[in-house]
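Scroll down for the structure; my scribbles are underneath it.
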Amino acid sequence: MSITERPAAAPPSFHLLAKPTGAICNLDCTYCFFLSKDALYPGDRMRMSDETLEAYVRQLLAAHTTPEVTIAWQGGEPTLMGLDFFRRAVELVEQHRTPSQRIEHTIQTNGTLLDDEWCEFFAANRFLVGLSIDGPREMHDTYRVWKNGRGSFDDVMRAWELLQRHGVEVNVLCSLHAANADHPLEVYRFFRDEMGVRHLQFIPIIERATPDTLDLANAGWSERPGRHRMLYVQEGDLVTERSLRPEQYGEFLIGVFEEWVRHDVGEVFVHMFDVTLGAHVGLYTLCIHSPTCGNALALEHNGDLYSCDHFVEPEHLLGNIGTTQMVELVASPKQRAFGQAKADTLPRQCMECDVRFACNGGCPKDRFAVTADGEAGLNHLCPSYLSYFHHVDEPMRRMADLIRSGRFADEICEEYRARDAVTGRNDRCPCGSGRKFKACHGGT
């Protein structure tokens, strides 16, 4: 199979999450709807073959015209493939990359299978490891459990310590849900002060359902004995009891921001804050808040390519890289239309919104609410985006000005501390929590 001409619609680069074990995972996280995706491949062992691995690496490298290429692994739990699989993947990258290509290896993992050998491999090959942790023990163990229901907190903390000991670069991914989203300061200070995390990403859990599927969705997505399970697809305007309320994500982000902007700019990197600052200087680095999408795809274990990690479902299957070159699928009219629809389907309320430049309607998977005048297509998290983007607008503009003038964004920390020095400790906290300043962001 060969390609004689690069499609004109092919982007110079794109991000692809490869799932070598498909939906198979050793944990049983209640909110993980991806566990249900094994229903797409009944009876399949869900393990990427050597042939598919080689096709993935070769075609991904060939599809990029930019020098930077990310090789990204996710699941399910990708470490179930074993270390030899990833050694082979790195060998194939070195075999097929051009001399001018710079490679970043990344893997998202629950960490429970890591040991010294894994961490030595990550360090030697400069992997960026995303480690899933949902905060302090009681919050993490609410939903992130083993198949027998036991919490996984101790296992993940052991993985964190191993990774730190071997000098592996780690980005903590924290899912936000009913168990932790009302505790922004406790969650953030746990990561910063108790763990020493310096790169954080917060992911809002939104699990959609219909009146007919809500009870099943609330029960979770695993295949425990006696539980009837369905394939999760992006349908319905209801959400599970674990999901964030429309305003909850914004309240969490503001709570974290008010701590971060006083103490941690330039020291702790919170992905959403980096993305927001980027929008204030005209850079879009996250598909969720970019004007269009379509350049963040998902590859299943058997070579099936889907439009997006959140849309691994039959309607959004583009084809298989075993029969059609990856770059042709990425450039296909179906995929380009998928990405452009993010902008074309914005309701009028979004088009006229003053924070559209930073929000751009959020992820299409969450656009199942209606506007004030009844138009469909509003993001479930719209109240959160409005409150957050408005709240941070002034400090983000200030940091953008500092950067443009050749100074450092962290100067804003001192400006906030000077302002706090004349704030009464019994005054209401500026975060909007309603608590006294001394009991909120004025505390230490």
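For segment 314-326, the tally of residues that are within 20 Å of Glu235 (Cα to Cα) and either out of contact with any helix residue (DSSP H, G or I) (no Cβ under 8 Å at 6 or more places or on another chain) or crowded, with 17+ Cβ neighbours inside 10 Å (or both) stands at 4. Restricting attention to segment 353-402, the residues that are part of a helix (DSSP H, G or I), surrounded by fewer than 15 Cβ atoms within 10 Å (Cβ to Cβ) and not basic (Lys, Arg) total 4.
Of the numbered criteria (1) at positive phi; (2) in contact with a His (Cβ under 9 Å, 6 or more places away or on another chain), the one Ile71 fails is (1). Could you tell me whether segment 238-260 includes any residue that is in contact with a strand residue (DSSP E or B) (Cβ under 7 Å, 6 or more places away or on another chain), at pLDDT 95 or above, open to solvent by less than 40 Å² (accessible area, probe 1.4 Å) and under 30 Å from Val330 (Cα atoms)? Checked against the condition, which is being in contact with a strand residue (DSSP E or B) (Cβ under 7 Å, 6 or more places away or on another chain), at pLDDT 95 or above, open to solvent by less than 40 Å² (accessible area, probe 1.4 Å) and under 30 Å from Val330 (Cα atoms), segment 238-260 yields no hits at all.
For segment 356-374, what are the residues that are closer than 30 Å to Thr210 by Cβ and in contact with a helix residue (DSSP H, G or I) (Cβ under 7 Å, 6 or more places away or on another chain)? Arg356, Cys359, Asn360, Gly361, Gly362, Cys363, Pro364, Lys365, Ala369, Thr371, Ala372, listed by residue number. If the condition is being assigned to a loop (DSSP other than H, G, I, E, B) and under 21 Å from the mean Cα position of the chain (by Cα), then segment 232-264 contributes Tyr232, Val233, Gln234, Glu235, Thr240, Glu241, Arg242, Ser243, Leu244, Arg245, Pro246, Glu247.
Taken as a whole, segment 278-287 holds at least one residue that is in contact with a Ser or Thr (Cβ under 6 Å, 6 or more places away or on another chain), open to solvent by less than 30 Å² (accessible area, probe 1.4 Å) and closer than 30 Å to Arg189 by Cα. Whenever a residue of segment 388-412 is touching a residue at least 40 places away in the same chain (Cβ under 8 Å), its partners that are charged (D, E, K, R) and in a helix (DSSP H, G or I), lying with C-beta atoms within less than 8 angstrom and at least six residues away or across chains, give the pairs Ile412/Arg398.
Out of Leu283, Leu305, Leu329, Leu297, which single residue is hydrophobic (A, V, I, L, M, F, W, C) and touching a helix residue (DSSP H, G or I) at 6+ places or on another chain (Cβ under 6 Å)? Spell out the reasoning first.
Working: Leu283 fails: touching a helix residue (DSSP H, G or I) at 6+ places or on another chain (Cβ under 6 Å); Leu329 fails: touching a helix residue (DSSP H, G or I) at 6+ places or on another chain (Cβ under 6 Å); Leu297 fails: touching a helix residue (DSSP H, G or I) at 6+ places or on another chain (Cβ under 6 Å).
One residue alone meets the criteria, Leu305.
How many residues, within segment 337-352, are surrounded by fewer than 16 Cβ atoms within 10 Å (Cβ to Cβ) and in contact with a strand residue (DSSP E or B) (Cβ under 6 Å, 6 or more places away or on another chain)? Here the count works out to 1.
If you go through segment 32-50 and keep only what is under 16 Å from Gln74 (Cβ atoms) and part of a loop (DSSP other than H, G, I, E, B), you end up with Cys32, Met46, Arg47, Met48.
Taken over segment 64-95, residues that are in contact with a Pro (Cβ under 9 Å, 6 or more places away or on another chain) and either more than 22 Å from Asn320 (Cα to Cα) or in a helix (DSSP H, G or I) (or both) amount to 7. When we screen Pro78, Pro20, Pro11 for residues that are over 30 Å from Asn148 (Cα atoms) and either in contact with a helix residue (DSSP H, G or I) (Cβ under 8 Å, 6 or more places away or on another chain) or at pLDDT 95 or above (or both), the only hit is Pro11. Which of the residues belonging to segment 414-426 are more than 16 Å from His391 (Cα to Cα) and either open to solvent by less than 80 Å² (accessible area, probe 1.4 Å) or hydrophobic (A, V, I, L, M, F, W, C) (or both)? Answer for segment 414-426, where residues must be more than 16 Å from His391 (Cα to Cα) and either open to solvent by less than 80 Å² (accessible area, probe 1.4 Å) or hydrophobic (A, V, I, L, M, F, W, C) (or both): Glu415, Ala418, Asp420, Ala421, Val422, Thr423, Gly424. The single residue among Leu17, Leu53 that is closer than 14 Å to Pro78 by Cα, in contact (Cβ under 8 Å) with a residue 12 or more places away in the chain, open to solvent by 20 Å² or more (accessible area, probe 1.4 Å) and outside any loop (DSSP other than H, G, I, E, B) turns out to be Leu17. Within segment 96-108, being exposed (fewer than 15 other Cβ atoms within 10 Å of the Cβ) and either closer than 19 Å to Gln164 by Cβ or without any contact (Cβ under 8 Å) to a residue 24 or more places away in the chain (or both) holds for one residue alone: Pro99.
The values are calculated or read from the model by the stated rules, or taken from the named source; none is laboratory data. Note that the structure is a prediction, hence the values are computed from the model and not measured. When we count neighbours, we look across all protein chains shown, and the Cβ atoms used for this are built from the backbone with ideal geometry, even at glycine. Just so you know, the surface numbers come from the protein's heavy atoms only, side chains and all, with ligands and any DNA or RNA stripped out. Shrake-Rupley method; radii C 1.70, N 1.55, O 1.52, S 1.80 Å.
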